[in-house]
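The structure appears right after this line, and notes come after that.
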Amino acid sequence: MKLRHSVLFVVATFLAGCASAPKATWVADSGVWLDAAFAYQSNLVTVDENALFRLDDDVLLQLRNARTQHHGLESRLKYLVDTVVTNKQQPFVYAGRSTVAAQTWRSRAGDCLSLTVLTYAMARELGLPASFQQLDLYSVFDRRAGIDYQVGHVNVYVERQKGIYDYRAIGHSQGVIIDFEPSYDSARIGTTLNSQDILARYYNNLGAQYLAHQDYPRAYAHFKAAVLADPQFGAARTNLAGLYLVHGFRDVAERVLTETVNHIDNADGALLALHRLLTDQGRHLEAAHYQAQLEARQKLAPYYWIRRGLEALQARNFRQAIDALEKAQELATGFSEVHRYLALAYLQSGKPDLAQEQIAALSRINHDDPAVGQLTLKMAAARKAAAAAL
């Protein structure tokens with residue numbers, strides 16, 4: 001599956017948004033750690049910041065030659081985009097796991113975090129003024145092996161000085177965003193992240209992978225490393241609480257979630273997990289305190305739009321179904337039901353070409369899904385009926 005990507009221009013008036021907001025100093029105390037329960041060993045975390053961004057010698061040689069041959073910033077920036085983003089001879093493909101920069105380059109594959117890390121590492125070697133940024137009001141939901149991951153969206157911002165780049169531009173811009181999961185929000189300036197913040201996100205992704213494989217000591221070690229690297233990273237705290245709940249440490253999990261909701265902005269995952277925890281215990285009055293916050297933010301998750309789309313499909317309101325499901329598609333990757341319902345909605349709306357794209361996406365996720373064959377038959381019937389009507 002090829003990665004969607006884009007190179008976006010940022011108009012000069014946005015540049016002030018690049019400054020990082022000062023982070024709160026709150027850090028959870030030692031009472032939230034359960035080292036003995038999970039046989040904690042710090043050496044279970046084998047990747048440090050240098051290893052995450054390190055490039056192989058052959059890649060460094062290419063980049064240094066490129067930097068020598070292309071002296072201007074615009075030429076170096078074009079070299080970076082041509083190599084990582086628009087490379088048709090050796091394209092990068094989507095792989096649902098996070099890898100270090102060197103491994104991403106070797107395999108020509110990675111998730112969006114992996115590609116962002118690789119791009120930043122190359123930009124740094126090319127001497128480009130690059131930084132990471134996070135879109136605070138946007139998350140991608142990714143389904144891998146039956147587990148849903150909520151991924152705070154990150155991309156690479158490269159400051160420019162003058163000139164107009166050879167891509168679609170929004171005005172005369174002074175900045176370029178390189179994004180591997182472009183969305184309606186991708187062109188916005190977000191919060192600048194440092195390399196430790198990115199390392200925390202990498203640790204969190206690995207922790208989730210270990211949790212999915214029930215390797216609890218490594219999951220715990222990586223979630224702890226993520227929290228220590230970026231104490232304000234709510235997703236790692238939420239996952240840590242989830243690990244605690246799996247093992248019955250309900251009181252400590254509640255403490256972690258409560259502190260996260262109270263001290264970290266936009267901690268949607270923690271908010272939902274805390275509400276569920278309280279509801280499951282029959283503590284409905286306490287849960288109601290968080291219900292209003294949940295309702296205000298539910299439209300930022302794909303589940304809300306999938307439900308709306310399915311309801312519209314059942315009511316045969318196909319235009320409304322398409323609107324809702326396209327919104328879900330912007331927020332999610334790997335969700336087979338989104339493509340299944342969208343294909344059906346497009347077919348019912350007389351848009352077979354768009355339906356075919358959704359069937360292909362569904363097949364890439366799971367080619368054994370019975371819906372692939374069923375939708376293909378419906379597609380053939382629709383095309384036959386359309387031809388007969390001519």
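The conditions of being touching a helix residue (DSSP H, G or I) at 6+ places or on another chain (Cβ under 8 Å) and assigned to a loop (DSSP other than H, G, I, E, B) are met by residue 97. Of the residues making up the range 340-390, those that are in a loop (DSSP other than H, G, I, E, B) and closer than 16 Å to residue 319 by Cα are 349, 350, 351. Only one of the listed residues (277, 243, 272) is aliphatic (A, V, I, L, M), free of Cβ contacts under 8 Å to residues at least 24 places away in the same chain and either surrounded by 19 or more Cβ atoms within 10 Å (Cβ to Cβ) or touching a helix residue (DSSP H, G or I) at 6+ places or on another chain (Cβ under 8 Å) (or both). That residue is 272.
Out of 239, 266, 204, one residue alone is over 25 Å from residue 36 (Cβ atoms), out of contact with any Pro (no Cβ under 6 Å at 6 or more places or on another chain) and among the polar types (S, T, N, Q). It is 266.
Looking across the range 81-91, just one residue is under 19 Å from the mean Cα position of the chain (by Cα) and either within 18 Å of residue 58 (Cα to Cα) or of a type in the set (Gly, Ala, Ser) (or both), and that is 84. I'd like the residue in the range 246-257 that is in a helix (DSSP H, G or I) and open to solvent by 10 Å² or more (accessible area, probe 1.4 Å) and, out of all such residues, is farthest from residue 289 (Cα to Cα). Looking at residues that are in a helix (DSSP H, G or I) and open to solvent by 10 Å² or more (accessible area, probe 1.4 Å), I get 246. Screening residue 22 against (1) in a loop (DSSP other than H, G, I, E, B); (2) modelled with pLDDT of 55 or more leaves a single unmet condition, (2).
Residue-wise test of (1) over 24 Å from residue 349 (Cα atoms); (2) of a type in the set (Val, Ile, Thr); (3) under 22 Å from the mean Cα position of the chain (by Cα); (4) not in a helix (DSSP H, G or I).
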position	(1), (2), (3), (4)
241	yes, no, yes, no
259	yes, no, no, no
278	yes, no, no, no
289	yes, no, no, no
294	yes, no, yes, no
310	no, no, no, no
330	no, no, yes, no
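Name the single residue, out of those in the range 327-360 being of a type in the set (Gly, Ala, Ser), crowded, with 20+ Cβ neighbours inside 10 Å and without any contact (Cβ under 8 Å) to a residue 40 or more places away in the chain, that is farthest from residue 95 (Cα to Cα). Applying the filter and picking the extreme gives 345. Within the range 216-226, is even one residue surrounded by 22 or more Cβ atoms within 10 Å (Cβ to Cβ) and farther than 22 Å from residue 39 by Cβ? Within the range 216-226, none of the residues are surrounded by 22 or more Cβ atoms within 10 Å (Cβ to Cβ) and farther than 22 Å from residue 39 by Cβ.
For the range 321-337, taking the residues that are polar (S, T, N, Q) and in contact with a Leu (Cβ under 7 Å, 6 or more places away or on another chain), the one that is nearest to residue 309 (Cα to Cα) is identified as 329. Count, please, the residues in the range 75-94 that happen to be open to solvent by less than 30 Å² (accessible area, probe 1.4 Å) and assigned to a loop (DSSP other than H, G, I, E, B). Looking only at that region, the number is 2.
The values are calculated or read from the model by the stated rules, or taken from the named source; none is laboratory data. The structure presented is a predicted model; accordingly, all values stated were derived computationally and were not measured. Because the Cβ atoms are built from the backbone with ideal geometry, glycine has one as well, and the counts that use them run over all protein chains shown. These area figures cover heavy atoms from the full protein model, side chains too; ligands, DNA and RNA do not enter into them. Shrake-Rupley method; radii C 1.70, N 1.55, O 1.52, S 1.80 Å.
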